[in-house]
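Here is the structure we will look at, set down as structure tokens.
The values are calculated or read from the model by the stated rules, or taken from the named source; none is laboratory data. The shown structure was predicted, so the numbers you read here are calculated from the model rather than taken from an experiment. Virtual Cβ from ideal backbone geometry, glycine too; neighbours counted across all protein chains shown.
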């Protein structure tokens, strides 16, 4: 492999490294939970909290109504049992009974509202959990595939970087300096293929004599248009 061939091979390897590194970064990002999955999990947690709130509210109301029913029964027994004769005390019991019955009625209305809200949250929670389970299954399936791809990319990068290091040891220091400078200025493409007389880097057509020099591999030849090193396979 001549000087230009070595530089072209080095460029090919380094472009492959750059692409593999780019893809590896994407793969690692894909292995993390997506924003959609995080939002779905947060939505489940939010609805679960609301469901627990209504469940607790319903339990508290049931206990309170049960207690009110017992107090109403006891107050009625006192009021109508015939043991109390004092009119003032009887009037007080009637007032207390009315309050207890009104309170029980209000709490029963609230209990009905809590039951409806709890049923709605149960439905919403089932829907949210189903969506989360679907997204988690998709993510786990993708994660398995991406993990395999990550291993392949890491193995490929080890091989490419080994070849890159070997090529850079083989190439003359002056050629490497020239190549690296051109790479910085030409988007990582210091060497352009010559197809017939046309530079594949910029499309300029070279004179026949120069194209023949490139094909013979005589030294380093540069495109008159883009300034890249020319290489003919």
Of everything in the range 213-227 that's surrounded by 14 or more Cβ atoms within 10 Å (Cβ to Cβ) and closer than 17 Å to residue 2 by Cα, which residue is farthest from the chain's Cα centre (by Cα)? 213
For residue 82, are the conditions met, namely being surrounded by fewer than 13 Cβ atoms within 10 Å (Cβ to Cβ) and modelled with pLDDT of 95 or more? no
Residue set 182, 178, 206, 230; condition buried (at least 16 other Cβ atoms within 10 Å of the Cβ), in contact with a strand residue (DSSP E or B) (Cβ under 8 Å, 6 or more places away or on another chain) and over 30 Å from residue 22 (Cα atoms); output residue 206
